[in-house]
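Worksheet: one structure, shown below.
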Amino acid sequence: MNDTIDLHISGSSAMPGGEYGQVHISGSGKINGNLKCESLCCSGAAKIYGNTETQSISCSGAVSIEGGLVCNTAMKISGSGKCSADVEVETMKISGRFKTGGALKAREMKVSGSIQIDESLQCERLEVSGQIQVKGGVEAETVYLSGSTEIGGLLNAEDIRIDHCGTSKIEEIGCTTICVRPQQEKGGFFRFFSSRKIRPALEVGTIEADQVELIETTAKVVRGRDVVIGHGCSIDRVEFTNSCRAEKDTVKEQVKIS
């Protein structure tokens, strides 16, 4: 796109879709049609009525895309963003708000603000310290959650760590290793087994993993090779193949599977 012209909107203007170099909107801009550009920067209010393909996106204002989005490198949202269809991006950082009406696919995703995905999420690495809501399932390699999480389908990953500070709800989890525990107490120390009473911070239907460590978790069924159930848990049934260690009154039924 070396021969394309740049597009700058600083007032209030509507432009046709097409192929551009750099697109910068600091006022109120509308683009009527599909947009293809090298970069999209929005510090004002932008509405794009069509599919969007770009190398990078930076938004400190508000951007709304009535179509699908492909971002080949980095996407940063510190303001608010909305997309009505599927989103495909290399790396994504959300410190503001973002919502997509379709599925989202990324290599790496970091959320310190909030994101809502109406369908499924697929990524290699997912890190959330803010809020995430996924109505479908999530497929990833590495997942680290320390904020508020709501997943309506299966969370499928290799390694999952949840350092919770609020309440998260996940329909079911399938992984190799999972560790669920509260954020560290002052001084960087916490007790895995404790007599203190606290409401469960993770609510999940079923967990299946090789290695399982849970604190303050409510689940119907936990299946694993080696399972450790700490304080604040309420588990209906644990099925294990090697070992199970549980604090008193945290598990209703334990079954060793041959």
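The values are calculated or read from the model by the stated rules, or taken from the named source; none is laboratory data. Being a predicted model, the structure only gives us computed values, none of them experimental. Counting neighbours? That spans all protein chains shown, and the Cβs are built from the backbone with ideal geometry, glycine included. Just the protein is used for accessible areas: all its heavy atoms, side chains included, with ligands, DNA and RNA removed. Shrake-Rupley method; radii C 1.70, N 1.55, O 1.52, S 1.80 Å.
Before moving on, here are some points about what is shown:
- Selection status of Glu239, open to solvent by 30 Å² or more (accessible area, probe 1.4 Å), farther than 18 Å from Pro182 by Cα and more than 25 Å from the chain's Cα centre (by Cα): yes
- For beta carbons closer than 6 Å, sequence separation of 6+ or different chains, a first residue in region 72-89 that is closer than 15 Å to Lys47 by Cβ and a second that is open to solvent by 70 Å² or more (accessible area, probe 1.4 Å), the qualifying pairs are Gly79/Ser60; Ser80/Arg97; Lys82/Lys99; Ser84/Glu66.
- The set of residues in region 147-171 being under 19 Å from Ile215 (Cβ atoms) and surrounded by fewer than 19 Cβ atoms within 10 Å (Cβ to Cβ) consists of Asp159, Arg161, Asp163, Cys165, Gly166, Thr167, Lys169.
- Inter-residue pairs, beta-carbon under 6 Å, first closer than 13 Å to Val180 by Cα and in region 220-234, second of a type in the set (Lys, Arg) and modelled with pLDDT of 95 or more, 6+ apart: Val228/Arg245
- Residue that is nearest to Val128 (Cα to Cα), among those in region 73-99 that are over 13 Å from the mean Cα position of the chain (by Cα) and not in a strand (DSSP E or B): Gly96
- Of the residues making up region 27-53, those that are part of a loop (DSSP other than H, G, I, E, B) and over 12 Å from Val63 (Cβ atoms) are Gly27, Gly50, Asn51.
- One residue alone among Glu90, Glu127, Glu38 is farther than 26 Å from Gly153 by Cα, in contact with a strand residue (DSSP E or B) (Cβ under 8 Å, 6 or more places away or on another chain) and open to solvent by 50 Å² or more (accessible area, probe 1.4 Å), and that residue is Glu38.
To keep it simple, each residue is scored yes or no on (1) on the phi > 0 side of the Ramachandran plot; (2) without any contact (Cβ under 8 Å) to a residue 24 or more places away in the chain; (3) under 25 Å from the mean Cα position of the chain (by Cα).
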| residue | (1), (2), (3) |
| --- | --- |
| Ala14 | no, yes, no |
| His24 | no, yes, no |
| Ser28 | no, yes, no |
| Asn32 | no, yes, no |
| Leu35 | no, yes, no |
| Glu38 | no, no, no |
| Tyr49 | no, no, no |
| Cys59 | no, no, yes |
| Ser64 | no, yes, yes |
